[in-house]
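Data block below; observations after.
The values are calculated or read from the model by the stated rules, or taken from the named source; none is laboratory data. In this text, all values refer to a predicted model and were calculated from it rather than measured experimentally. Virtual Cβ from ideal backbone geometry, glycine too; neighbours counted across all protein chains shown.
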Amino acid sequence: MITKRNDLLSKKVIQGLKNRHMNGYYVHSKQEALDLAFEIMKPGTTVGWGGSDTLNKIGIKEELYKRNFKVIDRDQAKDAEEKYKLERDCFYADYYLMSTNAMTEDGILVN
């Protein structure tokens, strides 16, 4: 019952994102999420991320290191100055991964 509701709701949310000039995707498992992410992101590109428990739980950070990506990992900084530089480098990354705190049905992200 919940899966059917989520399937139906995802269509509405994805349309809301599209109306706001964003692409949305809905998957059923962490493996599907990983597969989709690596279908979208091209090897050799630069990837950074913000604080996201979701990224940790699906294991994408580890996969980025295993594959041919240029990783900007602020958690690997030796000190505060280097961390600040890495955070700024993320502005120029090809991809910036994050999760949102909430999303409305019409595609508004809430952080």
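Remarks
- Among the residues making up the range 13-34, those that are part of a helix (DSSP H, G or I) and surrounded by 12 or more Cβ atoms within 10 Å (Cβ to Cβ) are Val13, Ile14, Gln15, Gly16, Leu17, Lys18, Lys30, Glu32, Ala33, Leu34.
- Verdict on Asp89 being at pLDDT below 95 and of a type in the set (Asp, Glu): no
- Candidate set: the range 44-94, residues that are exposed (fewer than 10 other Cβ atoms within 10 Å of the Cβ) and in contact (Cβ under 8 Å) with a residue 12 or more places away in the chain; chosen: the one farthest from Tyr25 (Cα to Cα): Asn68
- Condition check for Glu63: charged (D, E, K, R) and either under 13 Å from the mean Cα position of the chain (by Cα) or under 30 Å from Leu9 (Cβ atoms) (or both): yes
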